[in-house]
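Structure first, commentary second.
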Amino acid sequence: MLGPAINIDDTARLIAAFIYLASVEHEILGTGLWNYQMWTHIQPVRVYRSGAREPLDVYQRLVNANFNLNVSRAQLTQDFSHLALDPRGAAAFRTFRSELQALQHKLEQEPFACWKMYPNILEANINA
């Protein structure tokens, strides 16, 4: 017994579901990189020709980065203008925040959709 014929629309929906799962759902769940990067003995960051494992400092950097990514972070919509180096930079921060707030307001006027990235759920990130 065969299933229904596969068509381009069904294939597109399947691919969209994979993209959604890999990006949106992963972010909503907190980008739990603890589930991946701590297994460097299975999924090494770097493979040495000699077969040696990662040096301890590389492993420690992974642990530190995972810690940084899994702690509570500041809301992206908060005011970061105090971090600017000069008045022009502070104005850029305020403009960005204003644009995020306007986008949030616009999206709130539309029907809710779980696939939308609402500014009020985004967090400020770091470059560890």
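The values are calculated or read from the model by the stated rules, or taken from the named source; none is laboratory data. The structure displayed is predicted, hence computed values, not measured ones. FYI the Cβ positions are ideal-geometry reconstructions off the backbone, even for glycines, and counts take in every protein chain you see.
Would you check which residues across segment 76-89 are surrounded by 13 or more Cβ atoms within 10 Å (Cβ to Cβ) and touching a residue at least 24 places away in the same chain (Cβ under 8 Å) and list them? Scanning segment 76-89 gives L76, T77, F80. Scanning segment 60-69 for any residue that is under 14 Å from the mean Cα position of the chain (by Cα), under 24 Å from S23 (Cα atoms) and either among the β-branched types (V, I, T) or assigned to a loop (DSSP other than H, G, I, E, B) (or both) turns up nothing. Selection of segment 90-104 for residues being surrounded by 13 or more Cβ atoms within 10 Å (Cβ to Cβ) and not polar (S, T, N, Q) yields A90, A92, F93, R94, F96, R97, L100, L103. Scanning segment 103-120 for residues that are in contact (Cβ under 8 Å) with a residue 24 or more places away in the chain and within 20 Å of D79 (Cβ to Cβ) returns Q104, P119, N120.
Tell me, please, whether a residue that is at pLDDT 90 or above and exposed (fewer than 11 other Cβ atoms within 10 Å of the Cβ) can be found in segment 46-58. If you could, list the steps in order and put the result at the bottom.
Looking only at segment 46-58, we keep the residues that are at pLDDT 90 or above, and these are 50.
Pick out the ones that are also exposed (fewer than 11 other Cβ atoms within 10 Å of the Cβ) and you get 50.
Looking for residues that are at pLDDT 90 or above and exposed (fewer than 11 other Cβ atoms within 10 Å of the Cβ), one finds at least one in segment 46-58, hence yes.
Within segment 92-102, one or more residues are within 27 Å of A22 (Cα to Cα), part of a helix (DSSP H, G or I) and in contact (Cβ under 8 Å) with a residue 24 or more places away in the chain. Residue check: L107 meets all listed conditions (1) at pLDDT below 90; (2) surrounded by 11 or more Cβ atoms within 10 Å (Cβ to Cβ) but one, namely (1).
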